[in-house]
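The values are calculated or read from the model by the stated rules, or taken from the named source; none is laboratory data. The structure displayed is predicted, hence computed values, not measured ones. Because the Cβ atoms are built from the backbone with ideal geometry, glycine has one as well, and the counts that use them run over all protein chains shown. Ligands, DNA and RNA are excluded from the accessible area calculation, which covers all protein heavy atoms including side chains. Shrake-Rupley method; radii C 1.70, N 1.55, O 1.52, S 1.80 Å.
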Amino acid sequence: MSRKRVAVLISGRGSNMAALIEAAKDKHYPAGIALVMSNRPDAGGLATASEAGIETQVVDHKQFGKDRAAFDTAMQKVLEAYSIELVCLAGFMRLLSSGFVAQWNERMLNIHPALLPAFKGLDTHKRALDASAEVHGATVHFVVPEMDAGPVIVQGAVTVHTDDTEQTLSARVLAVEHRIYPQALRLVSEGRVRVVDGKCLIDGAPVPDATALTPAP
Ligand code: GRF
């Protein structure tokens with residue numbers, strides 16, 4: 001089976017992008033990172049990608065003012081130029097238009113630093129601590145027009161310690177992110193994920209509920 005051509009979209013440091021690049025170095029991995037694209041010319045991850053020999057492109061959202069559709073069209077053109085088949089959002093901090101999302105339906109993944117549907121949106125680690133959550137984690141899901149609401153592909157959990165700070169908790173969750181994103185991209189690239197009634201089936205079986213996960217220490 002030929003490897004899927006993947007674009008990773010970033011806005012910042014790109015540690016999840018780096019985890020995907022690392023996984024794809026294995027020639028048996030079913031996806032190759034054909035492009036890293038950023039909406040910010042100063043995203044740290046661009047240098048990391050270049051050093052790894054991956055092509056990079058910048059589509060600077062500031063050049064499009066408030067015209068989200070024009071920004072999305074510009075990104076779409078780049079994705080088409082690279083014959084991209086799957087898109088991975090990895091710390092990509094722009095909301096996408098519903099037209100763009102529809103174009104990539106079930107072909108665009110995102111990673112979110114919480115066990116969705118808990119803690120959608122920003123500041124997830126602080127909110128988990130404020131809510132005295134005992135278990136926290138990360139989710140890879142397909143992107144749908146509603147933010148952080150798409151079908152869950154893989155989740156990974158960590159135990160919240162009583163002495164955790166935002167920094168210590170986010171570091172443990174980030175380690176989980178780096179494990180589950182390559183895992184989810186593998187499943188999707190191998191064609192093992194099907195969406196039925198808004199939920200993913202992996203090899204025909206439902207994804208376990210977050211409460212059923214065994215959290216890492
Ligand atoms: C990660 O925590 C990811 O879950 C969230 O944004 C952060 C990006 O970090 N969507 P990085 O750029 O991958 O290091």
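Inside the stretch 193-204, residues that are open to solvent by 60 Å² or more (accessible area, probe 1.4 Å) and either touching a residue at least 24 places away in the same chain (Cβ under 8 Å) or touching a strand residue (DSSP E or B) at 6+ places or on another chain (Cβ under 6 Å) (or both) make up a count of 2. Identify the single condition in (1) outside the structural domain of Gly12 (by TED's automatic domain parsing); (2) open to solvent by 20 Å² or more (accessible area, probe 1.4 Å); (3) in contact with a helix residue (DSSP H, G or I) (Cβ under 7 Å, 6 or more places away or on another chain); (4) away from the ligand (no atom under 13 Å from the Cβ) that Leu185 does not satisfy, given that it satisfies every other one. It fails just one condition, (2).
Checking each residue in the stretch 77-96 for being buried (at least 18 other Cβ atoms within 10 Å of the Cβ) and either more than 19 Å from Met17 (Cβ to Cβ) or of a type in the set (Val, Ile, Thr) (or both) picks out Ile84, Val87. Only helices (runs of 4 or more DSSP H) whose full extent lies in the stretch 1-107 are considered here, and the ones with at least 3 residues that are more than 16 Å from the ligand (Cβ to nearest atom) and farther than 30 Å from Ile202 by Cα are 68-81.
The condition of being closer than 18 Å to Ala31 by Cα, in contact with a helix residue (DSSP H, G or I) (Cβ under 7 Å, 6 or more places away or on another chain) and not assigned by TED's automatic domain parsing to the domain that holds Val6 does not hold for Val160.
Scanning the stretch 54-76 for residues that are of a type in the set (Gly, Ala, Ser) and open to solvent by 30 Å² or more (accessible area, probe 1.4 Å), which turns out modelled with the highest pLDDT?
Residues of the stretch 54-76 of a type in the set (Gly, Ala, Ser): 65, 69-70, 74.
Okay, now just the ones that are also open to solvent by 30 Å² or more (accessible area, probe 1.4 Å), so 65, 69-70.
Details: Gly65: 91, Ala69: 92, Ala70: 95.
Taking the candidates together, the pick is Ala70.
The residue of the stretch 205-216 that is surrounded by the most Cβ atoms within 10 Å (Cβ to Cβ), among those that are in contact with a Leu (Cβ under 9 Å, 6 or more places away or on another chain) and assigned to a helix (DSSP H, G or I), is Ala210.
Those residues that are of a type in the set (A, V, I, L, M, F, W, C), open to solvent by 10 Å² or more (accessible area, probe 1.4 Å) and touching a helix residue (DSSP H, G or I) at 6+ places or on another chain (Cβ under 6 Å), I need them from the stretch 1-31; list them, please. Across the stretch 1-31, the qualifying residues are Ala18, Ala19, Ala23.
Of these, Val207, Val158, Val143, which one is within 20 Å of His125 (Cα to Cα) and touching a strand residue (DSSP E or B) at 6+ places or on another chain (Cβ under 6 Å)? I'd like the intermediate steps shown before the answer.
Numbers: Val207 fails: within 20 Å of His125 (Cα to Cα); Val143 fails: within 20 Å of His125 (Cα to Cα).
The match here is Val158.
Got a number for residues in the stretch 19-66 being among the hydrophobic types (A, V, I, L, M, F, W, C) and either touching a Phe, Trp or Tyr at 6+ places or on another chain (Cβ under 8 Å) or outside the structural domain of Ala81 (by TED's automatic domain parsing) (or both)? Let's see the steps before the verdict.
First, the residues of the stretch 19-66 that are among the hydrophobic types (A, V, I, L, M, F, W, C): 19-21, 23-24, 31, 33-37, 43, 46-47, 49, 52, 54, 58-59, 64.
The next check asks that each one be either touching a Phe, Trp or Tyr at 6+ places or on another chain (Cβ under 8 Å) or outside the structural domain of Ala81 (by TED's automatic domain parsing) (or both); those that pass are 19-20, 23, 34-35, 59, 64.
The total comes to 7.
For Val140, the requirement of being assigned to a strand (DSSP E or B), touching a residue at least 60 places away in the same chain (Cβ under 8 Å) and within 21 Å of Val195 (Cβ to Cβ) is not met.
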